[in-house]
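Got a structure for you, questions after.
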Amino acid sequence: MSLPKTLAEDVARNLVMVARLIDEDPEEAYAYSRIALRLASRVAAVREAAGFAAYATQKYAEALAEFRAARRMTGSVDLWPVMADCERGLGRPERAMAMAGDPEVQKLDKAGQVEMRLVAAGARRDMGQIDAAIVTLQSSELASNSVQPWTPRLRYAYADALLEAGREDEAREWFGKALEADKDGSTDASDRLAELDGVEFVDVLGDDDDDAADEVAPRAEDRSGARDVEDDAADQDDIDLDGPADGSARA
């Protein structure tokens, strides 16, 4: 539907703020989405944005309602995976699994189908079916050497499932593959590898350094007056975590 120019501009400004804040400050993004929703609840893009803002703040029932409304307005299946993930968030993994087997999934593009696979694997894990989750993630997309936008998360999810199953060596290999594909740092694969390898990051400025600084502090009875003290901090070498060549959107 079309909106009067002034109203459309107000709605657009709020949607821009939702997109800008949703990763860094989801609560604030949610607040802007509610304003847009009050202004234009019959606009599909507004309902979708409100859904994602609610999803980011773990308001899964509200998110699901908004996604359903947006889907009714557009007829698009693109929101199917995130709707299924909302069912997981509501503690209904069986419904998420049912959605994963729905014919609607076949209408999704490749990215949507991979996302649906991630959600289905997460639902399997929710139900304690870790081996089934691992099998769910095994696919041509996982085996491919081609790096796509979904590759880091797919490999990460597979590694995480392997680790839960006690297959540590395989998990280390796949965390490494996830890290190799994750050029934007969308996962914490490097941290997970470090944990598996027993690497600990230590603050070089510990209590001993504080005590030493206190000992060289100027004293009131020093007849030469207070002197400037320069503390040298030791440089800590970066740790090289290069590994060999996800998870659903909800953690």
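The values are calculated or read from the model by the stated rules, or taken from the named source; none is laboratory data. Source: prediction; values computed, not measured. Note that we place each Cβ from the backbone using ideal geometry, even for glycine, and neighbour counts take in every protein chain shown. Just so you know, the surface numbers come from the protein's heavy atoms only, side chains and all, with ligands and any DNA or RNA stripped out. Shrake-Rupley method; radii C 1.70, N 1.55, O 1.52, S 1.80 Å.
Using 0.36 nm per residue, how much length does the chain from ASP191 to ALA143 gain when fully extended, once their Cα-Cα distance is taken away?
Gain in length upon complete extension: 15.0 nm.
Same structure again: Whenever you get a sec, compute what percent of the accessible area on the range 1-156 sits on carbon and sulfur atoms (1.4 Å probe).
50 percent
How long, wide and thick is the range 108-163, going by the Cα atoms along their three principal axes, in whole angstroms, largest first?
Principal extents (Cα only, largest first): 30, 24, 14 Å.
Same structure again: Can you give the three extents of the C-alpha atoms in the range 1-103 along their principal axes, from longest to shortest, in whole Å?
Its Cα atoms span 45, 29, 17 Å along the three principal axes.
Sticking with this one: Once you have the Kirkwood Rh of the range 58-135 from its Cα pairs, apply Stokes-Einstein at 10 °C and 1.306 mPa s and quote D in µm²/s.
127 µm²/s
Please give the peptides 165-177, 53-65, 149-161 ranked by average Cβ packing (other Cβ atoms within 10 Å per residue), highest first, as a rough proxy for protection.
Result, highest mean Cβ count within 10 Å first: 149-161, 53-65, 165-177.
Using the beta-carbon distance between GLU28 and ALA65 and R0 = 22 Å, what value does 1/(1 + (r/R0)^6) give for FRET efficiency, to the nearest 0.05?
E between GLU28 and ALA65, to the nearest 0.05, is 0.55.
Once phi is turned into θ = phi - 60°, what whole-Hz ³J(HN,Hα) does the Karplus curve with 6.51, -1.76 and 1.60 give for every residue of the range 146-153, x standing for Gly and Pro?
6, 9, 10, x, 8, 4, x, 5
Find the all-direction average of the projected area of the Cα convex hull for the range 149-196, expressing the result in square nanometres with one decimal place.
Projected over every direction and averaged, the Cα hull of the range 149-196 covers 2.7 nm².
On to the next question. Would you calculate the separation in nanometres between label points at LYS5 and GLU94, each defined as 7 Å from the Cα along the Cα-to-beta-carbon direction?
If labels sit at LYS5 and GLU94, their model points lie 5.6 nm apart.
Using the Karplus curve 6.51 cos²θ - 1.76 cosθ + 1.60 with θ = phi - 60°, work out ³J(HN,Hα) for each residue of the range 35-44 in order, rounded to whole Hz, and write x for Gly and Pro.
5, 4, 5, 5, 7, 8, 6, 9, 9, 4
Going by average Cβ neighbours within 10 Å, how do the peptides 179-191, 108-120 rank, with the highest at the top?
For the peptides 179-191, 108-120, the packing ranking is 108-120, 179-191.
Let me ask another. At 7 Å along Cα-to-Cβ for each site, give me the label-to-label distance between ARG72 and ALA12 in nm.
In this crude spin-label approximation the distance works out to 2.8 nm.
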